[in-house]
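The values are calculated or read from the model by the stated rules, or taken from the named source; none is laboratory data. Everything numeric in this text was worked out from a predicted model, so none of it was measured. Cβ coordinates were reconstructed from backbone atoms using ideal geometry, including for glycine residues, and neighbour counts include every protein chain displayed. Calculation scope for accessible area: heavy atoms of the full protein, side chains included, ligands and nucleic acids excluded. Shrake-Rupley method; radii C 1.70, N 1.55, O 1.52, S 1.80 Å.
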Amino acid sequence: MISNTSADTPVASKLEALLNLQRIDSQLDEIRRVRGDLPEEVRDLEDEIAGYEVRVSKFDEEISGLNDQIKQRKQNAKDADGLIRKYEDQQQNVRNNREYEAIAKEIELQKLEIQISEKKIKEAQYQIEQKNTEISGTKQRLEERRKDLDNKQSELQTIVGESEADEKKLMDERGEATQPIEERLLTAYTRIRGNVRNGLAVVPVKRDACGGCFNTVPPQRQADIMSHKKIIVCEHCGRILADVAARGE
């Protein structure tokens, strides 16, 4: 049972207000059901596209950094080559073997620097080639996902366009329908709707069973529901039991 209902509003009026709100919410649920998973699919595609764009941007930054490294390595090799020529000229004027060997050692170091630079340049060029391949594949997937997004957005816009006016009208009605419902009762109603799969928080008793979960409602409980002296919920699913339908309904 939902307690703390205000004493100045008859229970029957509260239940009628809840039933009206449930009617509106069920119509809104149906509009959203027709849209299906399209809104979520659109959001997922947007997220996927954003991820691909970030990936391409990251690859571009990495390639730019590798090109800077290549440029620096080429400069290092050029500088080393210049030093080699300088040292070779100096070797022509050495006064002893020790000076000659010292210069020869410097020349070997510069040749090693050129070898290292050439190796690093090749490694960077290979990485650039690999990243360009990755970029090409990513851009292809990105283009495919953009086409998918355009199609999904177009489909969603068509569906939304067909129901937009009805949805707006129902949302306005919903705003009015919630006004006479006290806050605690509205909170309970919202909580129940969130806990059940079909969105039905307020249901009648039909053929001795809850109109939501279809479990049996005992005769005495049905009598309490019909008396409208208090708000009663289904002991199995927690839905608000608004009334007892006639046998033929």
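Each residue in the range 111-143 was checked for being within 21 Å of residue 88 (Cα to Cα) and either touching a residue at least 40 places away in the same chain (Cβ under 8 Å) or touching a Gly at 6+ places or on another chain (Cβ under 9 Å) (or both), and 1 pass. Across the range 160-192, the number of residues qualifying as open to solvent by 50 Å² or more (accessible area, probe 1.4 Å), in contact (Cβ under 8 Å) with a residue 12 or more places away in the chain and either under 19 Å from residue 15 (Cα atoms) or assigned to a loop (DSSP other than H, G, I, E, B) (or both) comes to 4. Residue selection: residue 88 fails the criterion of being within 21 Å of residue 160 (Cα to Cα), at pLDDT below 95, of a type outside the set (A, V, I, L, M) and loosely packed, with under 13 Cβ neighbours inside 10 Å.
Suppose the filter is under 25 Å from residue 49 (Cα atoms), modelled with pLDDT of 95 or more and open to solvent by 30 Å² or more (accessible area, probe 1.4 Å); does residue 120 pass it? Against the criterion (under 25 Å from residue 49 (Cα atoms), modelled with pLDDT of 95 or more and open to solvent by 30 Å² or more (accessible area, probe 1.4 Å)), residue 120 does not qualify.
For the range 7-16, the condition of being within 30 Å of residue 239 (Cβ to Cβ), among the aliphatic types (A, V, I, L, M) and not in a helix (DSSP H, G or I) holds for at least one residue. Residues that are in contact with a strand residue (DSSP E or B) (Cβ under 9 Å, 6 or more places away or on another chain), open to solvent by 10 Å² or more (accessible area, probe 1.4 Å) and either assigned to a strand (DSSP E or B) or within 21 Å of residue 187 (Cα to Cα) (or both) within the range 214-233 comprise 216, 228, 230, 233, listed in sequence order.
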